Ligand code: MG
């Protein structure tokens, strides 16, 4: 079990829950980082008394520095400050719950410094999975999934890599806010409709990704990297009740599933305690109260994001990085009311087509592909 942790993205939905889990189990948190939320970061810092904290925003960092001036906690800022926290010697594990591509560099820095990673930042794996895996192997560090589906699969596989006895991985998906709708019903949907997720309470970016099904597509790519399996061996089932968090089918037809309450907390906790288990905040599932449990085929004609993601990982190279960046930008522009809901996957696919691919790529290539895809989506959005 992890005893000494650095928590990146500690004020977001996953990070704040992770902080509560650390409190519950007495895990020492030596560094905390966030993007802008200095108020919550101050509270967390006063509780955990970390050596360092960092905020991406310079202004927020200035404010936090004033507020923490009665302590000896070092307040850092910018991406350099976050990276300094990621490599802090006191921690042997870094839980990364930064949202988006911003999580990639700190993950690589932490691995370089020999830290195990509890990874909630799926964009890290989507855009830079090849680099992350190679470095993790070199440095002999472990990557524990925090995403509920991947945690479920990891648990079904008892932490081992799938071998020839594994027939397929089955990711479950709630279906998001618009499950059951057809394309013509999605043309004019609003931001608040898209943010109205039926089951999960999460941050805004991922909730929109759930509505477009891009989240599940990104999770396919994440699973390819985390479990070293081909995308063709990963199936997706819509499971509106979100009780079965994902499954593994073996060659003899046996299926292992992980079930639990609809909450990301269990997966967060397991990433810090694996292979052991500790009591949690969560109540047991009451099977008697589950009136319905369904599994349905996804409607890939209406929600094309998963097919786009499959195409990206089949092509490999820099395609997933471009796609991820285009989706991040399009997701944001939709939330700013600048493009329509259906534009998100449309522009993401178009941006991917503009990728100048490289087979052997570096971090700089990933960041360049990311920048180009974002620019492209921004320019296309203005024309719309
Ligand atoms: Mg997930």
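Every read-out reported here was derived from the displayed coordinates using simple, explicitly stated rules and does not represent laboratory data. Everything numeric here is computed off the predicted structure, so don't read it as measured data. As a convention, Cβ positions derive from the backbone with ideal geometry for all residues, glycine included, and neighbour counts pool all protein chains shown.
Overview of values
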item: Boolean, residue 84 is under 22 Å from the mean Cα position of the chain (by Cα), without any contact (Cβ under 8 Å) to a residue 60 or more places away in the chain, surrounded by 17 or more Cβ atoms within 10 Å (Cβ to Cβ) and more than 23 Å from residue 205 (Cα to Cα); result: yes
item: Filter result (assigned to a helix (DSSP H, G or I), under 27 Å from residue 133 (Cα atoms) and either more than 12 Å from the ligand (Cβ to nearest atom) or in contact (Cβ under 8 Å) with a residue 60 or more places away in the chain (or both)) within segment 202-214; result: 205, 206, 209, 214
item: Unique match (being closer than 28 Å to residue 127 by Cα and either without any contact (Cβ under 8 Å) to a residue 12 or more places away in the chain or touching a helix residue (DSSP H, G or I) at 6+ places or on another chain (Cβ under 7 Å) (or both)) among 220, 170; result: 220
item: Filter pass, residue 298 being touching a residue at least 60 places away in the same chain (Cβ under 8 Å), within 16 Å of the ligand (Cβ to nearest atom) and assigned to a loop (DSSP other than H, G, I, E, B); result: yes
item: Helices (runs of 4 or more DSSP H) completely within segment 53-161 that count 3 or more residues being in contact with a strand residue (DSSP E or B) (Cβ under 6 Å, 6 or more places away or on another chain) and within 16 Å of the ligand (Cβ to nearest atom); result: 148-156
